[in-house]
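The values are calculated or read from the model by the stated rules, or taken from the named source; none is laboratory data. What you are looking at is a predicted structure, and each value in this text was computed from that prediction instead of being measured. Cβ: placed from backbone, ideal geometry, glycine included. Neighbour counts: every protein chain shown.
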Amino acid sequence: MDKKTFCLFETITILPPNNRAFGIFYCPRPRNCRQRRAMSVANASKALNRSGRYLRKPAFYRKWVSDAEGAEFPAEAGRYHLYASLACPWATRCLAVRALKRLETTISVSIVHPTWQKTKPHDSEDAHIGWMFTKPSDKPVTPVCGQGSIPCTDTVPDTVNGAKFVRDLYDLVGASEKVTRSVPILWDKQTNRIVNNESSEIIRMLNGPFARLVGSDKDTVDLYPAHLRDEIDAVNEWVYRDINSGVYKAGFAKTQGAYEAGVDALFLALDRVDEILSKRRYLAGSGQVTEADVRLFMTLIRFDSVYAVYFKCNARPLTSYPHIHHYFRELYQLPWLQKTTNLDHITRHYYTSHPSFNTFGIIPRGPNVIDDLLKPHSKLFVSTRV
C-alpha cells in the first residue's frame, strides 16, 4: 500500500497483550477515518510540536465565579462541583486551596481514579485514554498496558452527572476535539456547564469570592494579597514556565535537544528558588505563604518519586538543595497541604498511564519522601506559619 494513504499517529495504541505496540505507528486507513478522528481527541501527553518539545495547551473554559451583583456565575453554596485528581498537580492545587478555605461543604467534589483508561472501552476503533471515575468499592483497575491491578481507594464518583469518564463531561457540553479532556473542572450544577478548567484561575476564585462567602477570608491566609500581587505574578511566570511545566518539557520531549533544553532550564530555575529561599522564607515576600508557594509545592511533592525517574529530571535530588529541602518540609507540614497529598495516587498515575514510557506499568518503590517531610525543618519565624 502506498505510504501516502497511511495516517501517522503519535499516541498510545491499545493492542492485545501479546501484540502490543506503543508510540508512533502507521495506520493503514484514510486520513478521514473514524479511528484517526478518535485519536485526535486531546489529552495532555499529546501536546507536542514538530521539534519534539512539549507545549501545554491553554485551558479553554475561562469564566469566573464572582460575588459581584448580576454575575453570570454568582458565588453560592452548593451550586458548584469540582472534578479533580489527587495525582494531577494542576487539580491538586485546587483541592488544597478548597481545604484551606474550608469549602468542603460548599463545593462538592469528585476524585478520578489515578490510572488512565480507554474512554470508549466498547469501541475498538477509539483509542483515546484519560481519567475515569470509580468508587472505592469498585474492583481494581487494570492499566492499559494489560498488566497490574490498581485499587480504587480514595476515589469519589461523579454524583452530579453520573459520568464514567472525564471525557464524557466535555462531550456533554459539546467541547471540540481540540479541547484537552483534563481536570480540574469547576462545574455549575444549575446550568450544567463548565465554568472554568484553568487551575490558576480556580484557586483565585476559591481564595476570593468563595472564601468571602463562608467567611474564611477573615481567618485564613490570603494567598493572593493585594500588596504582593505583582511579585506573585512575576514568580509564577518563571516557576510555571521552567518548573511546573519544565518537568513535562523534559519528560515528554521527543528529541534529545528538546529534553536537554527542558531539563537545563528546570535545574537553573531550581537553583534560583534555592537562592531566593536562602534569603527569605517564602517565594513572594517573607511573611506568608502565597499561591506561588502552593503552585511550586505541587511539583516538589512529585519530584523525587516521579519526575526524577520517569521524566529523567535526575541531575540532582531535591534533598541536595538545602533551602528548598527545609522549605518543602515546612509546606508539607501545613495541614491543608498534607491532607490533599496522596503519594499513592501520584505514583500510580504516572507509572501506569503512559505505556510508551513504562511498557509493563511497573511502579518503582521510590524514596520514602513522606517520612523525610515529617522531620523538623530549620526555617525561622515559625509563628507566622499558617
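To keep it simple, each residue is scored yes or no on (1) under 25 Å from residue 375 (Cα atoms); (2) surrounded by 14 or more Cβ atoms within 10 Å (Cβ to Cβ).
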position: 258; (1), (2): no, yes
position: 270; (1), (2): yes, yes
position: 278; (1), (2): yes, no
position: 282; (1), (2): yes, yes
position: 292; (1), (2): yes, yes
position: 301; (1), (2): yes, yes
position: 316; (1), (2): yes, no
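When only residues in the range 129-171 that are over 27 Å from residue 193 (Cα atoms) and small (Gly, Ala, Ser) count, which is surrounded by the most Cβ atoms within 10 Å (Cβ to Cβ)? Only one residue tops the list, namely 148. Taking the listed residues 365, 280, the one that is free of Cβ contacts under 8 Å to residues at least 12 places away in the same chain, in the same structural domain as residue 237 (by TED's automatic domain parsing) and under 19 Å from residue 150 (Cα atoms) is 365, with no other qualifying. Each residue in the range 184-219 was checked for being closer than 18 Å to residue 170 by Cα and in a loop (DSSP other than H, G, I, E, B), and 7 pass.
Tell me whether the range 300-313 contains one or more residues that are more than 16 Å from the chain's Cα centre (by Cα), more than 27 Å from residue 203 (Cα to Cα) and not aliphatic (A, V, I, L, M). So far as the range 300-313 goes, yes, one or more of its residues are more than 16 Å from the chain's Cα centre (by Cα), more than 27 Å from residue 203 (Cα to Cα) and not aliphatic (A, V, I, L, M). Would you be able to say whether some residue in the range 319-329 is small (Gly, Ala, Ser) and under 18 Å from the mean Cα position of the chain (by Cα)? No, the range 319-329 contains no residue that is small (Gly, Ala, Ser) and under 18 Å from the mean Cα position of the chain (by Cα).
If you check residue 352 against the conditions, is it buried (at least 20 other Cβ atoms within 10 Å of the Cβ) and among the hydroxyl-bearing types (Ser, Thr, Tyr)? Yes, satisfied.
Suppose we filter 291, 260 for residues that are of a type in the set (Asp, Glu) and in contact (Cβ under 8 Å) with a residue 24 or more places away in the chain; which single one remains?
Working: 260 fails: in contact (Cβ under 8 Å) with a residue 24 or more places away in the chain.
After ruling out the rest, the residue left standing is 291.
Of the residues examined, residue 262 is not one that is among the small types (Gly, Ala, Ser), over 22 Å from the mean Cα position of the chain (by Cα) and either in a helix (DSSP H, G or I) or not assigned by TED's automatic domain parsing to the domain that holds residue 94 (or both).
Identify all residues within the range 95-128 that are more than 22 Å from residue 187 (Cβ to Cβ), buried (at least 20 other Cβ atoms within 10 Å of the Cβ) and either of a type outside the set (Ser, Thr, Tyr) or in the same structural domain as residue 297 (by TED's automatic domain parsing) (or both); write none if there are none. Walk me through how you get there before you give the answer.
We begin by selecting, within the range 95-128, every residue more than 22 Å from residue 187 (Cβ to Cβ); these are 115, 118, 121-127.
In the following step, the residues that additionally are buried (at least 20 other Cβ atoms within 10 Å of the Cβ) were identified as 115, 127.
Passing the criteria: only 127.
Beta carbons closer than 6 Å, at least 6 apart along the sequence or on distinct chains, pair a first residue in the range 218-237 that is outside the structural domain of residue 199 (by TED's automatic domain parsing) with a second that is of a type in the set (A, V, I, L, M, F, W, C) and modelled with pLDDT under 95 for 221/386. Of the numbered conditions (1) touching a His at 6+ places or on another chain (Cβ under 8 Å); (2) within 17 Å of residue 154 (Cβ to Cβ), residue 107 fails exactly one; give the number of that condition. Of the numbered conditions (1) touching a His at 6+ places or on another chain (Cβ under 8 Å); (2) within 17 Å of residue 154 (Cβ to Cβ), the odd one out for residue 107 is (2). Being out of contact with any helix residue (DSSP H, G or I) (no Cβ under 9 Å at 6 or more places or on another chain) and basic (Lys, Arg) is the filter here, so list the residues in the range 108-152 that pass it. Matches in the range 108-152: 118, 135, 139. The test for being over 23 Å from residue 233 (Cβ atoms), of a type in the set (S, T, N, Q) and in contact (Cβ under 8 Å) with a residue 12 or more places away in the chain does not hold for residue 320.
Residue-wise test of (1) among the charged types (D, E, K, R); (2) without any contact (Cβ under 8 Å) to a residue 12 or more places away in the chain; (3) assigned to a loop (DSSP other than H, G, I, E, B).
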residue: 272; (1), (2), (3): yes, no, no
residue: 287; (1), (2), (3): no, no, yes
residue: 295; (1), (2), (3): yes, no, no
residue: 301; (1), (2), (3): no, no, no
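Please find, among 160, 235, the residue that is within 19 Å of residue 98 (Cβ to Cβ), of a type outside the set (Asp, Glu) and at pLDDT 95 or above.
Numbers: 235 fails: within 19 Å of residue 98 (Cβ to Cβ).
Step by step, each of 160, 235 is checked, and only 160 is within 19 Å of residue 98 (Cβ to Cβ), of a type outside the set (Asp, Glu) and at pLDDT 95 or above.
Would a scan of the range 280-294 turn up a residue that is among the β-branched types (Val, Ile, Thr), more than 17 Å from residue 341 (Cβ to Cβ) and modelled with pLDDT of 95 or more? Yes: one or more hits.
For residue 222, the conditions (1) of a type in the set (Asp, Glu); (2) part of a helix (DSSP H, G or I); (3) surrounded by 15 or more Cβ atoms within 10 Å (Cβ to Cβ) all hold with the exception of (2).
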